[in-house]
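K.L.:
Sending over a structure as structure tokens; questions will come in a sec.
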Amino acid sequence: MRLILVGPPGSGKGTQAKLLSSRLGLTHISTGDILREATRQNSPLGKVALPYMRSGQLVPDDLVNEIVAEHFRSEERPERFAMDGYPRTLAQAASFDQVLRQQFLDLTAVLLFLVDDEEIIARMTGRWSCPKCKATYHVVYNPPRSPGICDVCGTQLIQRADDKEETVRERLKIYHASTADLIPYYRAQGLLHEVPGMGDIERVHKAVVEILKRVGCS
Ligand code: AMP
């Protein structure tokens, strides 16, 4: 099974990609995670990506396309995967098509997660995490016992720079301007399936599994 998960930042596609990988044995590929790790390590890639990520902009297509192409050229190239956060533009989709063609792999489905912008803003701007033990919290859905302090290790919680409200609004603007082009692109290929992204994680996962059953998988 080879899936692409498309949706605005904070739509839950990352959570669903992780569930699909643990329950269905797919490799979870998140370009956001790869780029965040590169910035943590302050690698040459990380240095280029950091200013884009901080301001909520997309990292240039060439850079992200190369990261993904390299992944698929490597020995541990995934055969069954859930792509999370890639492709995000038409140029990336075209590049990914080419990579898959070279590897004789075809896509099973593209899952489009639908969540209202205002819900996204409420979800994302409430996210805080512990810089030490990486525990995550949400001021409304999963608050720490003492405001601003990690339950697990007592460290002061921080907010990801790209979860600040103005950055979230910018990321949504960019999503609607660039990623929305992917919808007609994949719909025309008969691959696109809409997933209602509101509601709890298990409910959304069930909706995904139903879709996968309909397309003959899972
Ligand atoms: P994510 O965790 O997927 O929301 O990604 C976090 C940030 O990484 C994005 O706001 C972009 O700056 C960058 N990024 C991740 N994936 C891509 C991509 N496919 N194309 C361009 N930038 C990306």
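The values are calculated or read from the model by the stated rules, or taken from the named source; none is laboratory data. Since the model is a prediction, treat every value here as computed from it, not as a measurement. So basically every Cβ, Gly included, is an ideal-geometry build from the backbone, and we count neighbours across all protein chains shown. Please note that ligands, DNA and RNA were not included when accessible areas were found on the heavy atoms of the full protein model with its side chains. Shrake-Rupley method; radii C 1.70, N 1.55, O 1.52, S 1.80 Å.
K.L.:
So in the range 151-163, with the set limited to residues that are touching a strand residue (DSSP E or B) at 6+ places or on another chain (Cβ under 6 Å) and away from the ligand (no atom under 12 Å from the Cβ), which one is least open to solvent (accessible area, probe 1.4 Å)?
P.N.:
My answer is Leu157.
K.L.:
Taking the condition of being touching a Ser or Thr at 6+ places or on another chain (Cβ under 9 Å) and either free of Cβ contacts under 8 Å to residues at least 12 places away in the same chain or open to solvent by less than 30 Å² (accessible area, probe 1.4 Å) (or both), how many residues in the range 176-194 meet it?
P.N.:
Qualifying residue count for the region: 4.
K.L.:
While we're looking at this one, here's another question. Hey, among Glu166, Glu118, which residue is more than 17 Å from the chain's Cα centre (by Cα), under 26 Å from Leu90 (Cα atoms) and more than 16 Å from the ligand (Cβ to nearest atom)?
P.N.:
Just a single option satisfies the conditions, and that option is Glu118.
K.L.:
Could I ask something else about it? Those residues that are of a type outside the set (Ser, Thr, Tyr) and more than 15 Å from the ligand (Cβ to nearest atom), I need them from the range 88-110; list them, please.
P.N.:
Gln98, Leu100, Arg101, Gln102, Gln103, Phe104, Leu105, Asp106, Leu107, Ala109
K.L.:
Within the range 155-163, is there a residue that is farther than 24 Å from Glu37 by Cα and either touching a Lys or Arg at 6+ places or on another chain (Cβ under 8 Å) or not acidic (Asp, Glu) (or both)?
P.N.:
Checked against the condition, which is being farther than 24 Å from Glu37 by Cα and either touching a Lys or Arg at 6+ places or on another chain (Cβ under 8 Å) or not acidic (Asp, Glu) (or both), the range 155-163 yields no hits at all.
K.L.:
Is there any pair with a first residue in the range 114-127 that is of a type in the set (D, E, K, R) and a second that is part of a helix (DSSP H, G or I) and surrounded by 15 or more Cβ atoms within 10 Å (Cβ to Cβ) whose Cβ atoms are under 8 Å apart and which are 6 or more apart or on different chains, and what are they?
P.N.:
So the pair list comes out as Asp117/Leu172; Arg127/Asp163.
K.L.:
Right, another one. Got a number for residues in the range 1-31 being closer than 19 Å to Ile120 by Cβ, open to solvent by 50 Å² or more (accessible area, probe 1.4 Å) and among the polar types (S, T, N, Q)?
P.N.:
1
K.L.:
Only residues in the range 73-90 that are under 14 Å from Thr27 (Cβ atoms) and in a loop (DSSP other than H, G, I, E, B) count as the first member; pair them with residues that are open to solvent by 20 Å² or more (accessible area, probe 1.4 Å) and more than 7 Å from the ligand (Cβ to nearest atom), Cβ under 6 angstrom, at least 6 apart or cross-chain, and list the lot.
P.N.:
Pro78/Thr27; Arg80/Met1
K.L.:
Which count do you get for residues in the range 32-72 that are in a loop (DSSP other than H, G, I, E, B), touching a helix residue (DSSP H, G or I) at 6+ places or on another chain (Cβ under 7 Å) and open to solvent by less than 40 Å² (accessible area, probe 1.4 Å)?
P.N.:
Looking only at that region, the number is 2.
K.L.:
Restricting attention to the range 16-42, report how many residues are within 13 Å of the chain's Cα centre (by Cα) and among the small types (Gly, Ala, Ser).
P.N.:
3
K.L.:
Here is a follow-up. For Glu170, only one of the following conditions fails: (1) in contact (Cβ under 8 Å) with a residue 60 or more places away in the chain; (2) in contact with a Leu (Cβ under 9 Å, 6 or more places away or on another chain); (3) surrounded by fewer than 16 Cβ atoms within 10 Å (Cβ to Cβ). What is its number?
P.N.:
(2)
K.L.:
Another question, then. Could you list, in sequence order, the residues of the range 73-100 that are among the charged types (D, E, K, R) and either modelled with pLDDT under 95 or touching a helix residue (DSSP H, G or I) at 6+ places or on another chain (Cβ under 7 Å) (or both)?
P.N.:
Scanning the range 73-100 gives Arg73, Glu75, Glu76, Arg77, Glu79, Arg80, Asp84, Arg88.
K.L.:
Give me the residue from the range 73-130 that is β-branched (Val, Ile, Thr) and more than 23 Å from Arg214 (Cβ to Cβ) and, out of that set, surrounded by the fewest Cβ atoms within 10 Å (Cβ to Cβ).
P.N.:
Looking at the filtered set, the residue picked out is Ile121.
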